[in-house]
Amino acid sequence: MTVLEFLSDRLNSLLLQAAFASLSILFLLATGTQAGVVRLLSLVWLLSVLCIETTGFLRLRSHLQELENIMEGLDRKYLFSECIPKSRSLYERRLTELFCRAGKSMIGAVSDAQAAQKEYREYVESWVHEIKTPITAAGLICRNAEPDTRRKLSPELSQIEAHVERALFYARAESPEKDFILRRNKLSGIAAQAVGQHKALLIQSGVRVETSGLEQTVYTDGKWAAFILGQLLQNAVRYRSADSDPVIALSAKPLGKQVQLTVADNGIGIPAHELPRVFDRGFTGSNGRVRGGSTGMGLYLCRKLADCLELDLRISSAAESRSSVAGHPQPEHCPNCGVTADHNFITASGTAVTLTFPAVHSSSD
Amino acid sequence: MQKILIIEDDPVIRDELSLLLTNEGYSPLAPADFTDIPAQAARYAPDLILLDINLPGQDGFSLCAKLRKLIQAPIIFVTSRDSGLDEVRALSLGGDDYITKPYSIPVLLTRIKVVLRRMGRTAAPSDIMEYGGLRLNLTKGTVSAKTRIKLKTETAVLTRNELQILACLMAHAGEIVSRTDLIETLWDNQIYIDDNTLSVNITRLRGKLARLGFPDFIKTRRGMGYQL
């Protein structure tokens, strides 16, 4: 609070006092009081006003500062009105009471919303678990169906599975309590899990998966990591190029104490100007719009889950027919550049996503 | 025949799983009555138990603890609950494996086999396969044949892909194995190849077999697949 702010706040009362004082001076002079006495009186009046206003200003400033400090120190700011000291001024006490009531209703609304979110998450989780039973049953029945029906039905079933899985992980990623378990995992196991889940889709699309260097060990939640990897595989299938045989390369290499896993494809790639936004929720991009069926959720979820697991997730891409520097990612999007250059099969276009697993602190389990 | 007890409350899965396991040469029992599972289990004395977690009346965790007190048979949890905490809990209560629904059938069967073998209830599978005069050694990755003229054993070394292809064909000797089934089997063994690569591998495999004196060992059934 500045002096000027304080003065403008007190303007009315100051003006009133000044007017009253002037009128009194005029009255005193008119009734024949000596000018010297009037001057003395005015001086006393002026000094006392100055004194009172100065202390008022200083008091108010320190009070406000105290409140500021309380606010700064609060973890949950909406509890502010509960934490301030009781004031001596009646007006302020009343005001605080009103804010306390407002705050209480807000706290109620917040905890209601949290409870509702928790309930919703629990419902989604139990729903997902319930829906998996009929999917399993359908899978078992499908096995006995005619080969032709089976071939057509099993990709559909795995599509349902993939969507259900996304819903489950969405509920998990959005909820405050993250129930993942960091354990020692072999990258090859995680990769096998992810590829196995999308086997039907990958085989049907004629994709070849190349793996290298996956014997690395990482500390992470295997299921979550496999889910992220699965999303990347699905994207690679969806945005494969019609011109060349689709290939997905999974490769890992140690990066100091960290381990970097790269998923690279030779698909149509992502235009450079869209790259910064691919992790946004609901962003489908020009590829998604042209092809349809994109939800804009896959990469968003990947980013969310990767943040939970403290994985560093980066994407680099060269788009078909757009990029002048073929096969090389835009440097500003790929600080760990040189990743795609390792994969010499990327000649015209493709996308590479790197997942960097955090350092393992101890080598024992 | 090995007895497998299926504790599962969904009737369709129960029936289909029983059928699947019967076809695979096991003798499954799937009770539809969940009142006194431990007593039923003790009477049946299974070699393996497949246990669901969400069951009417009580959950699979407490059931597992009760079963553990009565019988020694390995328990595989088969459930749709896939959180890591459930898995840890299941394994710490004495479960031997934890499979989440929806499972892939080959994976389920393999893990049943693995658990049974670990418990010593089946002999380890032979790493030698034989068919039509050819001897396939799965651990060494070689195929050998006695040549008719010199009566001497000749051996060819196979790559991982060729080995799996030949093993799959030998396992279904006499039957037609479609290209898709072959590719799926290879993918289950972490060999992620496409249709073209399969053709290349088959050609190389045929070349090696021809040098051993079996030029037409793998027959192409046009439009259907391959057959030994």
Among the residues of the range A:210-233, the number that are of a type in the set (A, V, I, L, M, F, W, C) and either free of Cβ contacts under 8 Å to residues at least 12 places away in the same chain or at the interface with chain B (Cβ under 9 Å from one of its Cβ atoms) (or both) is 1
Residue hits (the range B:202-228; touching a Ser or Thr at 6+ places or on another chain (Cβ under 8 Å) and within 14 Å of another protein chain (Cβ to nearest Cβ)) are B:Met224, B:Gly225
So the helices (runs of 4 or more DSSP H) completely within the range B:126-228 holding 3 or more residues that are among the acidic types (Asp, Glu) and within 30 Å of B:Val114 (Cβ to Cβ) are B:179-188
Within the range B:64-116, residues being more than 10 Å from every other protein chain (Cβ to nearest Cβ), assigned to a strand (DSSP E or B) and not charged (D, E, K, R) number 5
Considering the range A:1-45, residues that are among the polar types (S, T, N, Q) and within 57 Å of the chain's Cα centre (by Cα), and then whichever is modelled with the lowest pLDDT, we arrive at A:Thr2
Exception for A:Glu165 within (1) within 31 Å of the chain's Cα centre (by Cα); (2) away from chain B (no Cβ under 14 Å); (3) not aliphatic (A, V, I, L, M) falls at (2)
Of the conditions (1) over 29 Å from B:Thr100 (Cα atoms); (2) away from every other protein chain (no Cβ under 12 Å); (3) in contact with a strand residue (DSSP E or B) (Cβ under 8 Å, 6 or more places away or on another chain), the single one that A:Asp245 does not satisfy is (2)
The condition of being within 14 Å of chain B (Cβ to nearest Cβ) and either more than 24 Å from the chain's Cα centre (by Cα) or of a type in the set (D, E, K, R) (or both) holds, among A:Val207, A:Val290, only for A:Val207
The helices (runs of 4 or more DSSP H) lying entirely within the range A:165-262 that contain at least 1 residues which are modelled with pLDDT under 85, in contact with a Pro (Cβ under 8 Å, 6 or more places away or on another chain) and in the same structural domain as A:Leu309 (by TED's automatic domain parsing) are A:199-204
Checked A:Ile160, A:Ile135, A:Ile131, A:Ile190 against criteria (in contact with a Gly (Cβ under 6 Å, 6 or more places away or on another chain) and touching a residue at least 12 places away in the same chain (Cβ under 8 Å)); the one match is A:Ile190
Of the residues in the range A:126-149 that are at pLDDT below 85 and either on the phi > 0 side of the Ramachandran plot or within 10 Å of chain B (Cβ to nearest Cβ) (or both), the one that is surrounded by the most Cβ atoms within 10 Å (Cβ to Cβ) is A:Arg143
Conditions (1) modelled with pLDDT of 85 or more; (2) more than 14 Å from chain A (Cβ to nearest Cβ) -> B:Gly60 fails only (2)
Among residues of the range B:148-179 being more than 23 Å from A:Leu250 (Cα to Cα), out of contact with any Gly (no Cβ under 6 Å at 6 or more places or on another chain) and of a type in the set (S, T, N, Q), the residue surrounded by the fewest Cβ atoms within 10 Å (Cβ to Cβ) is B:Thr153
Exactly one of B:Ser92, B:Ser27 is over 23 Å from the mean Cα position of the chain (by Cα) and surrounded by fewer than 16 Cβ atoms within 10 Å (Cβ to Cβ), and that residue is B:Ser92
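The values are calculated or read from the model by the stated rules, or taken from the named source; none is laboratory data. Computed from a predicted structure; not experimentally measured. For neighbour counting, all protein chains shown are included, and Cβ atoms are generated from backbone atoms with ideal geometry for every residue, glycine included.
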